[in-house]
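For reference, the structure discussed in these notes is given below.
Just so you know, all these numbers are worked out from the coordinates, no wet-lab data involved. As the structure is a prediction and not an experimental result, all values here were calculated from the model. Positions of Cβ are backbone-derived with ideal geometry, glycine not excepted, and every protein chain shown enters the neighbour counts.
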Amino acid sequence: MSGSTSATAAPERRLPGNLQTNPRLSKWLRFRPDGFVEISPGKVEIGQGILTTLTQIAADELDVGLERVRVLTAKTTYSPNEGVTSGSLSVQDSGMALRYACAEARAIFLAAAAERLGIGVGALEVADGTIEGPGNARTSYWELAEEELLDRDATGTVPPKAPARRKLAGRSIARIDAPAKICGMPAFVQDLALPDMLHGRVLKPPRPEARLTALDEAAARACPGVVAVVRDGSFAGVVAQTLESARAGLEQLRRGATWDGGAPLPDEANLRSWLKVQPVETTEVSAKGDLASGGAARTVRREYSRPFLSHASMAPSCAIAQWTDGGLRVWTHTQGIFNLRADLAIVLSMPAEKIIVEHHEGAGCYGQNGADDVALDAVLLAKSAGGRPVRLEWSREDELCTGPVGAAMAIDISADLDAGGEVIGWRHDVWSNGHVSRPGRAKIPTLAAASQLARPFERFISVNPPLAGGGGAERNSVPGYNFPAWRITSHRLLTMPIRTSSLRTLGGFANVFAIESFVDELASLRGEDPLDYRLRHLPDKRARAVLETAADCAGWRSWQKREGFGHGLAFARYKGFGAYCAVVSEVEGEADIRVRRLVIAVDVGEAINPDGVANQIEGGAIQATSWTLKEAVRFDRSSITSIDFASYPILRFSEVPTVEVTVMPRADEPPLGAGEAALGPTGAAIANAVFDALGTRVRDLPITRERIIGSMA
Amino acid sequence: MTTTVTLRVNGSERHIEADPATPLLDVLRTRLGLVGARFGCGRNQCGACHVLVDGYAVASCDTPLWAAEGKEVVTVEGLGTPEKPHPLQAAFIAEQALQCGYCIPGILISAAALLKRQPNPQETEVRAALDRNLCRCGAHNRIVRAVLRAAKEMQPA
């Protein structure tokens with residue numbers, strides 16, 4: 001056995017998943033003499049169950065029981081930098097890295113055991129970490145743990161188990177974190193209580209970009225329990241002994257604050273038109289065939305939109321920050337510890353190495369909520385705390401009004417049809433703010449408070465990530481159908497009165513809603529069944545399989561038309577290269593629509609944990625039902641008026657449809673991610689079912705009573 | 001404004017020195033270390049902070065401490081533990097009725113209050129009883145199945 005591999009022995013081929021960027025095996029796993037293996041993924045638990053999935057993968061490749069695997073929470077001091085936990089990529093990026101890392105670790109330990117036992121590797125077997133050979137020859141991972149065998153770079157040359165030999169991956173293992181969470185044990189960053197911890201509150205501007213021109217700090221400082229009043233430009237807050245005294249101090253601060261200026265908000269009633277007249281950066285997303293060809297018997301054009309959407313995570317964002325002699329510590333539910341650290345370093349003008357960012361779970365996370373912003377807020381407050389940790393939990397109003405929201409979008413689609421109603425040309429234009437303002441990627445910080453400081457940073461205007469990774473506003477704007485010619489164009493707004501960043505599926509939800517609504521309409525114009533129409537235009541077998549499966553499970557072809565009921569279907573392959581998902585929706589109603597049933601088929605490739613996949617798909621479908629029927633961020637010309645769950649209602653238990661999910665068995669295919677696949681098809685399937693029930697199409701979300709009545713006019 | 005307020009929490013008598021206007025939720029979480037009830041909205045709109053007060057599911061975020069004086073408060077920790085879960089908690093684990101789990105303690109409390117007054121509920125009754133609780137991850141149907149399963153298992157043999 002040689003020692004560690006030198007840096008010059010770089011692998012010749014691309015390593016699987018995030019092993020490519022983090023090849024050192026010991027970054028991913030370490031054996032412990034007391035009979036445990038520690039895994040340390042850089043991806044984080046955001047309610048999706050990823051830590052259970054990664055535990056299954058590791059235990060399977062290493063041939064150990066699940067209970068021998070301990071997962072370390074992500075921390076900048078030891079975790080591999082896996083970027084952001086987003087985009088339904090954790091199983092591909094982290095899971096596949098871990099699978100190959102564990103396969104290689106197993107081989108390295110078998111080789112070491114063979115040498116120690118004087119037996120050929122081929123004669124050794126691993127059972128729950130014990131390595132056994134003929135006779136009584138035996139050792140274990142745990143006995144060999146201290147030999148530092150994993151301080152070397154992965155080669156990626158040890159193949160993981162063949163699908164048929166996997167014992168744990170592919171099974172619906174119960175969530176490892178379920179019992180503690182169900183019994184109310186401390187589980188979230190909100191539950192952390194550090195010694196000497198203080199509580200903070202921050203003063204949020206009444207409108208975007210308003211400046212704080214005067215502040216009565218003395219009155220707040222005089223409140224019992226208030227330890228410090230903090231002000232830096234237009235950023236202000238209090239630090240206090242208790243939650244209550246922090247609230248009281250903030251109330252005093254609010255009364256003594258004078259704000260000036262601020263950017264006006266758009267006219268909520270004309271959002272679609274507003275989106276189309278802003279300064280934009282226009283990009284051609286995809287072009288195919290000859291659009292200019294004559295021969296179109298007619299051209300059909302439709303306009304769609306969706307409003308700004310809130311994350312409305314069940315917990316407002318929270319972070320704890322502590323300045324120490326050596327630097328700064330931050331406890332946070334960010335999706336990207338290294339990304340947050342990079343932006344904090346810019347804002348604070350300090351080396352990133354002096355900042356330790358440690359992940360602790362927050363409530364369910366569906367994209368970039370206030371997690372990163374609240375961390376900077378807490379850091380700024382903690383500057384005045386004399387080295388004590390400061391816990392800052394935003395109010396619900398802070399979360400809804402100042403956290404990033406999902407971008408409003410306007411989409412125009414037009415199709416040139418031949419005499420038979422077949423598409424010969426297709427144009428899709430999308431207008432939207434950018435869908436990403438994640439920290440750690442730009443030269444300027446994206447964190448909210450950074451533009452409020454006395455020496456402010458430029459306010460970051462959201463961008464769209466490259467299409468190769470799925471894109472932002474343009475995500476899923478390229479149809480999966482074999483139309484002969486198209487041009488897809490994205491117009492990114494260069495103004496951003498309402499701050500936007502990533503919300504589950506980015507542009508995918510609205511683009512699929514638009515495309516699948518439009519395709520339904522084209523089928524209807526031809527008098528063709530919407531299922532048949534789609535099957536006829538989908539060359540991909542896996543795409544057709546999910547559509548046929550969902551339709552069969554729903555009894556699509558035996559549907560009996562009844563007054564006041566409708567059914568609809570929709571399909572999308574997430575990002576164009578991710579999971580395939582088809583949804584059949586059944587709705588009831590005249591003006592108030594109730595979704596009764598969603599029948600879904602999904603193909604995520606290999607499903608490591610089929611029940612985990614089903615849970616993600618159910619959850620995505622229910623969240624999309626909420627978006628489709630109920631949700632819109634409300635605002636007037638000066639501020640967001642959706643300040644709580646009364647003014648931003650979401651779907652309730654009594655409104656939730658039954659959801660039936662079929663996970664296609666595809667153990668031999670690479671895993672594709674499940675978190676976002678269901679949302680677009682669900683929204684479109686509901687809209688199509690509403691048309692089937694009422695004969696009217698609502699093209700501006702959400703599908704409310706007012707919109708339905710409006711569409712009939 | 002500090003006074004002593006006496007109440008029973010999960011079966012034990014507790015004397016709390018505090019401003020009686022302090023939200024019960026703050027007292028539970030920061031004074032008693034019972035973090036199972038969680039802050040979601042502060043306005044009795046989401047149910048994440050539900051606790052039983054004399055058997056009724058109550059939002060502890062907008063219940064002042066004084067209103068719990070002399071009352072019996074039960075939090076999710078008082079229902080059961082991972083080692084000895086309440087039948088509702090066991091059913092939630094069996095049905096994998098969670099995603100992030102943040103809303104679950106409040107939902108368990110609402111469900112416990114329901115099963116106390118209606119030990120054999122229909123599905124629509126479960127949904128109605130949980131309508132004050134929000135879940136953003138979309139675990140609703142698993143949760144309803146879990147409550148129905150617990151009701152069945154809690155029936156006298």
When chain B is treated as a GNM, springs tying every alpha-carbon pair under 10 Å, which of B:R31, B:R127, B:R136 comes out with the largest mean-square fluctuation? B:R136
Using +1 on the beta carbon of Lys and Arg, -1 on that of Asp and Glu, and nothing else charged, what's the dipole of the range A:182-260 about the Cα centre, debye to 20? 220 debye
Dipole of the protein assembly as shown [Lys/Arg +1, Asp/Glu -1 at C-beta], most positive-end residue of A:A674, A:A74, A:A101: A:A674
I'd like the FRET efficiency for A:N482 and A:A107, computed as 1/(1 + (r/R0)^6) with the beta carbon distance as r and R0 of 60 Å, rounded to 0.05. 0.85
For A:A257, which sequence-distant residues (separation of 5 or more, or a different chain) have an amide H within less than 5 Å of its own amide H, given hydrogens modelled in the peptide plane? A:D216
Can you tell which of B:I16, B:I107, B:I143 shows the greatest fluctuation in a Gaussian network model of chain B with Cα springs below 10 Å? B:I16
Say each of A:L494 and A:R536 gets a label point 7 Å from the Cα, pointing the same way as Cα to Cβ; how far apart are those two points in nm? 4.4 nm
Taking the number of other C-beta atoms within 10 Å as the exposure measure, put B:Y56, A:Y481, A:Y304, A:Y580 in order starting with the fewest. B:Y56, A:Y481, A:Y304, A:Y580
Can you sort B:M1, B:M154, A:M496, A:M409 by how many other beta carbons sit within 10 Å, fewest first? B:M1, B:M154, A:M496, A:M409
Which distance in nm do the two modelled labels at A:R32 and A:E251 give, with both placed 7 Å along the Cα-to-Cβ direction? 4.6 nm
With r as the distance between the Cβ atoms of A:A454 and A:M712 and R0 = 41 Å, compute the FRET efficiency 1/(1 + (r/R0)^6) and round to 0.05. 0.15
Counting sequence-distant residues (5 or more places) and residues on other chains, those with an amide H built under 5 Å from that of A:S305 are A:I411, A:D700, A:L701
Based on Cβ point charges of +1 for Lys and Arg and -1 for Asp and Glu, what charge dipole magnitude is obtained for the range A:1-142 about its Cα centre, in debye rounded to the nearest 20? 380 debye
Pop the C-beta distance of A:M350 and A:K443 into the FRET formula with R0 = 22 Å and round what comes out to the nearest 0.05. 0.85
Gain in length, A:V121 to A:D636, computed as 0.36 nm per residue apart minus the alpha-carbon separation, to one decimal in nm? 178.3 nm
Summing +1 for each Lys or Arg and -1 for each Asp or Glu, what net charge is found among the other residues whose Cβ lies under 13 Å from the Cβ of A:V661? -2
Taking the Cα centroid of the range A:438-511 and of the range A:533-582, what is the distance between the two, rounded to the nearest whole Å? 29 Å
Farthest towards the positive end of the dipole of chain A, among A:H359, A:I686, A:L493 and with Cβ unit charges of +1 on Lys and Arg and -1 on Asp and Glu, lies the Cα of A:L493
Using amide H atoms built 1.01 Å from N in the peptide plane, name the residues 5+ places from A:R596, or on other chains, whose amide H lies under 5 Å from its own. A:E586, A:V587, A:E588
All Cα pairs of the range A:405-531, percent lying beyond 27 Å: 31 percent
Towards the positive end of the charge dipole of the range A:254-365, with charges on Cβ (+1 Lys, Arg; -1 Asp, Glu), say which of A:F338, A:A287, A:G262 has the farthest Cα. A:A287
Which entries in A:K43/A:K204; A:K276/A:K575; A:K443/A:K575; A:K276/A:K561; A:K75/A:K383 show an alpha-carbon gap greater than 29 Å? A:K43/A:K204; A:K276/A:K561
What dipole magnitude, in Debye to the nearest 20, does chain A give about its Cα centre under +1 on Lys/Arg Cβ and -1 on Asp/Glu Cβ? 780 debye
Principal axis dimensions, the range A:150-221 - Cα atoms, whole angstrom, descending: 69, 36, 30
Below 24 Å, Cα to Cα, which lysines can B:K116 reach? Residues fewer than 8 away in the same chain don't count. A:K181, B:K71, B:K84, B:K152
So if the hydrodynamic radius of chain B is defined as the Kirkwood radius over C-alpha pairs, what does Stokes-Einstein give as its diffusion coefficient at 25 °C and 0.890 mPa s, in µm² per second? 156 µm²/s
How do A:V661, A:V285 line up, fewest other C-beta atoms within 10 Å first? A:V285, A:V661
Give me the tail of P(r) for chain A as a percent: Cα-Cα pairs with distance above 37 Å. 43 percent
Residue-wise, which Karplus ³J(HN,Hα) couplings in Hz belong to the range A:440-457, taking 6.51 cos²θ - 1.76 cosθ + 1.60, θ = phi - 60°, and x for glycine or proline? x, 10, 10, 6, 9, x, 9, 5, 3, 5, 4, 8, 9, 5, 4, 10, x, 8
What does the net charge come to around B:R8 if you take all other residues with beta carbon closer than 13 Å to its beta carbon, with K and R at +1 and D and E at -1? -2
Just the Kirkwood number for the range A:623-690, please: inverse of mean 1/r across all distinct Cα pairs, in Å, one decimal. 14.8 Å
Taking 2.2 N^0.38 Å as the expected size of a compact globular protein, what ratio does the Cα radius of gyration of the range A:264-309 give against it, to two decimals? 1.67
Using the basic label-point model (7 angstrom from Cα toward the beta carbon), what is the A:A667 to B:A67 distance in nanometres? 5.5 nm
HN-Hα J couplings of the range A:233-239 from phi, Karplus 6.51/-1.76/1.60, θ = phi - 60°, integer Hz, Gly and Pro as x? x, 9, 8, 8, x, 10, 10
The rounded separation in angstrom of the Cα centers of the range A:25-69 and the range B:2-56 is 37 Å
Compute the length gained on full extension between A:T73 and A:N136: take 0.36 nm times their separation in residues and subtract their Cα-Cα distance, giving the result in nm to one decimal. 18.9 nm
Note, ³J(HN,Hα) from phi for the range A:82-95, Karplus 6.51, -1.76, 1.60, rounded to Hz, x at Gly and Pro: 10, x, 9, 7, 6, x, 6, 10, 5, 5, 4, 7, 8, x
Extension length gain for A:R594 and A:C553 (0.36 nm per residue less Cα distance), in nm, is 12.7 nm
The range A:584-713: Cα Rg divided by the 2.2 N^0.38 Å rule of thumb: 1.18
